[in-house]
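The values are calculated or read from the model by the stated rules, or taken from the named source; none is laboratory data. Computed from a predicted model, the values in this text were never measured in an experiment. Reconstructed Cβ throughout: ideal geometry from the backbone, glycine too, with neighbour counts over all protein chains shown.
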Amino acid sequence: MSSSRNEARMGVPTDAPEPQAQVQQGDPLSFAVPTELVDIPSRGKFYPEGHPLHNVETVEMRFMTAKEEDILTSQSLIRKGVVVDRLLQSLIVDKRIALEQLLIGDKNALVVAARISGYGNEYETRVPCPSCGTAVEFTFDLDEIHIKEFEEDEDLMVSLTSNNTFRVELPKSRAVVEVKPLTGADERFIAQQSERRKKNKLADNALTTQLKRMICSVNGDDSQGMISKFVDSLPAFDSRFLRGTYASFVPDIDMKQDFNCSECGHEQTMEVPLTADFFWPR
């Protein structure tokens, strides 16, 4: 048995191959663990040939079971900061998919799908109102989270390359930079660098580290030394433009939803906050 909920929510084609239920033979208490096909924002466009997700638009995942709840409540995994990665490793059916090579946007889509399959689409948490400051109970609908795919834009001169990257022309320096979507490995490297500098009481450089990880070449020069020097002397206007362009065009999920404060009536659009309640609902 497979789930059709995600197909309706994420738009999986009706002729997509039916996910296979996992059944343990010979056990009188065995039953099928349902799976679902989860659309990934990249549509497989940014993975190289030979990668299990190259030009693949969906990832098959098992529904959460009590085994995964053991993972979510493991204090050891929580302290190490790897609990979500271990959860996805357990749920993803194709074990060739390495989480460190997974694009961040694709990983985000899988995390939300895992939460919905395990505990439903209603996500109740406490949110501090941006207007009155009161922490109010608010329920977000995770089914309303949509995929944001990459689309080329001639006006902003953003185009997809044959190297599974996209090319952007910066407005101030007129430099043409080739940028890649960040992966789980990049995310971990940036966090480790930031933590290391914090321990050594050095100024945080997460912004420049992120730029150096995402930029593949500058005017055709892909040497790390050149990229590092370029980022360190990059005009602030170009830095802001590049970060904004990356956020707009990189494949990801759109976490913005409407918020209404029950105390003061303030309304605004905000990012769905990922609090402890996300995987530990009340």
If only one of N219, N200 is out of contact with any Asp or Glu (no Cβ under 9 Å at 6 or more places or on another chain), more than 18 Å from E178 (Cβ to Cβ) and of a type in the set (S, T, N, Q), which one is it?
N200
State all residues of the stretch 174-195 that are outside any strand (DSSP E or B) and not small (G, A, S); if no residue qualifies, say none.
R174, K180, P181, L182, D186, E187, R188, F189, I190, Q192, Q193, E195
Per the filter on the stretch 269-282, residues within 16 Å of A109 (Cβ to Cβ) and either in contact with a strand residue (DSSP E or B) (Cβ under 8 Å, 6 or more places away or on another chain) or hydroxyl-bearing (S, T, Y) (or both) are E271, V272, F278
Can you find a residue that is among the hydroxyl-bearing types (S, T, Y), outside the structural domain of G50 (by TED's automatic domain parsing) and in contact (Cβ under 8 Å) with a residue 24 or more places away in the chain anywhere in the stretch 191-208?
yes
Only one residue in P171, P130 is in a loop (DSSP other than H, G, I, E, B) and farther than 29 Å from D277 by Cβ, so which one is that?
P171
Suppose the filter is within 18 Å of the chain's Cα centre (by Cα) and modelled with pLDDT of 95 or more; does L182 pass it?
yes
Residue among K229, K212, K199 that alone is modelled with pLDDT of 95 or more and over 26 Å from G44 (Cα atoms):
K229
Could you tell me which residue of the stretch 29-59 is farthest from E100 (Cα to Cα), considering only residues that are crowded, with 19+ Cβ neighbours inside 10 Å and among the aromatic types (F, W, Y)?
F46
Specify the residue that is farthest from I104 (Cα to Cα); the eligible residues are those in the stretch 241-268 that are of a type outside the set (D, E, K, R) and free of Cβ contacts under 8 Å to residues at least 40 places away in the same chain.
G265
Run G105 past the list (1) in a helix (DSSP H, G or I); (2) touching a helix residue (DSSP H, G or I) at 6+ places or on another chain (Cβ under 8 Å); (3) not acidic (D, E) and report the number of the one that doesn't hold.
(2)
Can you list residue pairs whose Cβ atoms sit under 8 Å apart, with the first residue in the stretch 222-240 being closer than 19 Å to N163 by Cβ and the second being at pLDDT below 95 and surrounded by 11 or more Cβ atoms within 10 Å (Cβ to Cβ)? Count only pairs 6 or more apart in sequence or on different chains.
none
Please determine, by comparing only the residues of the stretch 76-102 that are within 18 Å of F278 (Cβ to Cβ) and assigned to a loop (DSSP other than H, G, I, E, B), which one is modelled with the lowest pLDDT.
G81
Looking at the stretch 78-96, I want the residues that are at negative phi and have a partner that is part of a loop (DSSP other than H, G, I, E, B) and not small (G, A, S) with Cβ atoms under 6 Å, at least 6 apart or on another chain. Which pairs are those?
D94/P52; R96/P52
